[in-house]
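These notes are about the structure you will find just below.
Any read-out appearing in this document is the output of simple, stated calculations on the displayed coordinates, not a laboratory observation. This is a predicted model, so every value here is computed, not measured. Here the Cβ positions follow ideal geometry from the backbone for every residue, glycine too, while neighbour counts run over all protein chains shown.
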Amino acid sequence: MADIVSIVNVLKAAGEETRLRLLALLAGGELPVKDLTDILDQSQPRVSRHLKLLVDAGLVDRHAEGAWAYFSLSGAPEAQLVRAFLTKLDVNDATLTADRRRLDALREVQREKAAGFFSSVAESWDQLRRLHVPDEAIETEILRIGRAVQPDMLVDLGTGTGRMLELLAPVYKRGVGIDSSREMIGVARAKLADSDIGHAHIRLGDIADLPGMEDQADLVVLHQVLHYFDDPGHIISRARDMLAPGGRIMIIDFAPHELEFLRGEQAHRRLGMSEKQMEAWADAAGLTVDEYMDFPGSGDGSLTVCLWTLAEANGD
């Protein structure tokens with residue numbers, strides 16, 4: 001239970017229109033200050049001041065990532081009161097509705113930018129990825145984990161060219177690869193056909209919204225996917241919904257880095273993920289980090305790739 005001073009401080013921090021709009025937006029997931037500035041149509045210094053007040057009050061968490069800063073609703077006790085009264089807001093309020101529309105429009109622009117990038121590199125994607133990923137060592141571990149799980153059903157989210165379905169074909173009975181890029185899907189289907197892999201198929205879909213796939217997968221793979229999303233925790237939660245009892249999620253992605261050009265040139269939204277961040281996202285989804293390893297790149301300026309295996313928090 002919070003004391004009266006704490007409650008008053010929370011109400012003071014949240015009790016202003018711009019800050020309440022920020023809290024309502026962050027209730028939908030983690031966002032960078034740049035996007036919040038665009039949605040509210042206010043200057044960055046002004047939005048940053050409001051965010052600082054919310055952070056200082058314990059209502060919002062801040063994560064610095066290169067030149068960007070990301071914000072999310074806090075899991076602290078002080079934020080529980082805010083979460084409660086956010087549910088009482090009128091969903092049809094004109095201001096909040098306009099904010100959501102601007103957020104949706106912004107995300108559509110970001111999706112189109114990413115789709116344009118993937119369309120342009122679909123044929124050469126595997127070769128491009130090898131420029132900064134030590135594939136052989138990582139794929140050895142991916143295959144080891146796949147053999148340990150022995151999945152009846154494997155779901156590869158953001159399958160790209162279908163490399164994970166190809167690599168893990170000996171260990172799963174049924175495989176599904178899902179991607180939002182038609183060009184990538186075309187390449188993936190051709191590769192599976194060339195490799196005579198008949199027990200996997202490819203679907204066009206939004207990996208953040210896949211109704212009808214709950215409780216089916218023994219292994220969900222997110223291979224070099226999460227850095228394309230502002231809120232990786234949301235994607236992990238959706239992947240968690242797909243897990244059958246005892247299932248696992250395997251995530252392969254970059255460690256934190258400062259290569260800002262990847263945002264503009266390759267549509268990255270996140271500059272890597274730390275162990276602490278992954279543990280927090282896993283915990284929020286009712287999962288725990290079962291295994292972690294990293295693979296430093298060779299040469300100056302190369303990226304380190306990390307591999308996480310997530311399991312149900314109350315699982316074996």
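Quick look at the values:
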quantity: Fraction of antiparallel bridges per DSSP, the chain only, in percent to nearest 5; calculated: 55
quantity: Estimated vicinal HN-Hα couplings, Hz - the stretch 38-54 in sequence order (Karplus 6.51, -1.76, 1.60; Gly, Pro = x); calculated: 5, 5, 7, 6, 10, 5, 4, x, 5, 4, 5, 5, 5, 5, 4, 4, 5
quantity: Stretch gain in nm, segment LEU81-LEU143, where the contour uses 0.36 nm per residue and the Cα spacing is subtracted; calculated: 17.8 nm
quantity: Relative contact order, percent, the stretch 237-295 [alpha-carbon distance under 8 Å, six or more residues apart]; calculated: 31
quantity: Amide hydrogen neighbours beyond the local backbone of VAL60, cut-off 5 Å, H modeled; calculated: VAL55, SER74
quantity: Computed lengthening from ALA284 to ASP206, 0.36 nm per intervening residue step minus Cα-Cα distance; calculated: 25.9 nm
quantity: Rounded FRET efficiency, nearest 0.05, which uses the C-beta distance separating GLU275 from ARG189 and R0 of 30 Å; calculated: 0.25
quantity: HN-Hα J in Hz across the stretch 189-203 - Karplus 6.51, -1.76, 1.60, θ = phi - 60°, x for Gly and Pro; calculated: 5, 5, 5, 5, 5, 4, 8, 6, 9, x, 9, 9, 9, 10, 10
quantity: Net lengthening on full extension, ARG101/ASP56 (0.36 nm per residue, minus Cα-Cα); calculated: 13.3 nm
quantity: Too-long pairs where the Cα-Cα distance tops 27 Å, listed order kept, from LYS12/LYS88; LYS12/LYS34; LYS12/LYS276; calculated: LYS12/LYS276
quantity: For the chain, calculated [θ]222 nm from helices alone, where every DSSP H run of n ≥ 4 adds -39500 (n - 2.57); calculated: -14000 deg cm²/dmol
quantity: Other-chain or far-sequence residues with amide H under 5 Å of LEU287's (modelled H); calculated: ALA313
